[in-house]
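Presented below is the structure to which this report refers.
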Amino acid sequence: PGQILLVPCPPTNTPAPTTPAEAGGGGGLGGEDEPEAEPTSVTDILTLEHTVEAGDTIVGIATRYNTTVNILHDLNPQLDWSSCDFSNPSGGPGCNPPLRIGDTVIAPAPTPTPTLSPTPSGNETATPTPTYTAPRLLSPSDGSEFASDEPVILTWVSAGVLAENEAYLVHIEDTDTGATFDQTTRQTSMALDPNAQPTDGQTHTFAWTVVVARDDGTGNYEPIGAPGEVRTFTWESK
């Protein structure tokens, strides 16, 4: 209860045609209807190669690249899709083709945004590199309670395709003691370090948030994305 599930939005309604040509009612030459556009096939999609890492699932990869399990099925016929129900947008609860670390999965590449290239005048100022949006937190829900024998698993929605030197920086603070625990991962979920669990016999409150960060070359990660939501949970002592 209280956990957030993401579902596709319904398609927006197409505006009604306002002219005979838009309606396809003989507005073309010779009074013939305009031909209908052919649907785009997967062969027309710009793709990239995703290397499978520990913890990857086919649904997680679909979410990461803002695509569907059905499209991944068409792009990757070499995988075993026998457990998937493609009448279900997510492939159904049993859709989990086996993936091996190091395997390659073909996925749609992000659509580039066209930009104009004006003639330089020599007086231009540098434009800051756009930052990532804040990852949307999924679970645990705000105010969740964890018993002493429960591990704490944090999950969030992908903020996009990360560069090799970028990762998610997960910041956790024990609000009762002020102790902080920073962990980095390239996945969209993470088990909280067991060393963060209190040992004083008391239940502590923790605050956590996630931001995209970049390695400065020395192993230190500096936030480069927008700061996001802060949630809290309680964890009983060991």
Residue under evaluation GLU229, criteria (1) out of contact with any strand residue (DSSP E or B) (no Cβ under 9 Å at 6 or more places or on another chain); (2) of a type in the set (D, E, K, R); (3) closer than 17 Å to ILE172 by Cα, criterion not met: (1)
So, in segment 29-54, how many residues would count as being open to solvent by less than 70 Å² (accessible area, probe 1.4 Å) and at pLDDT below 85? 5
Return the only residue of THR125, THR131, THR111, THR119 being modelled with pLDDT under 90, under 23 Å from TYR65 (Cβ atoms) and loosely packed, with under 12 Cβ neighbours inside 10 Å. THR111
Taking HIS73 and the conditions (1) open to solvent by less than 70 Å² (accessible area, probe 1.4 Å); (2) touching a Ser or Thr at 6+ places or on another chain (Cβ under 9 Å); (3) at pLDDT 85 or above, which numbered condition does it fall short on, given that it satisfies the others? (2)
Among strands (runs of 3 or more DSSP E) entirely within segment 188-232, at least 3 residues that are surrounded by 14 or more Cβ atoms within 10 Å (Cβ to Cβ) occur in 204-215
Which pairs have Cβ atoms under 7 Å, sit 6 or more apart or on different chains, and link a residue in segment 69-88 that is within 13 Å of THR104 (Cβ to Cβ) and of a type in the set (A, V, I, L, M, F, W, C) to one that is open to solvent by less than 70 Å² (accessible area, probe 1.4 Å) and assigned to a loop (DSSP other than H, G, I, E, B)? LEU79/PRO97
Does THR177 fit the bill of being in contact (Cβ under 8 Å) with a residue 12 or more places away in the chain, among the hydroxyl-bearing types (Ser, Thr, Tyr) and open to solvent by less than 60 Å² (accessible area, probe 1.4 Å)? no
Pick from segment 136-155, criterion part of a strand (DSSP E or B) and touching a residue at least 60 places away in the same chain (Cβ under 8 Å), ranking: nearest to GLU236 (Cα to Cα): PHE146
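The values are calculated or read from the model by the stated rules, or taken from the named source; none is laboratory data. Note that this is a predicted model, so its numbers are computed, not measured. Cβ: placed from backbone, ideal geometry, glycine included. Neighbour counts: every protein chain shown. Accessible surface is based on the protein model in full, side chains and every heavy atom, while ligands, DNA and RNA are left aside. Shrake-Rupley method; radii C 1.70, N 1.55, O 1.52, S 1.80 Å.
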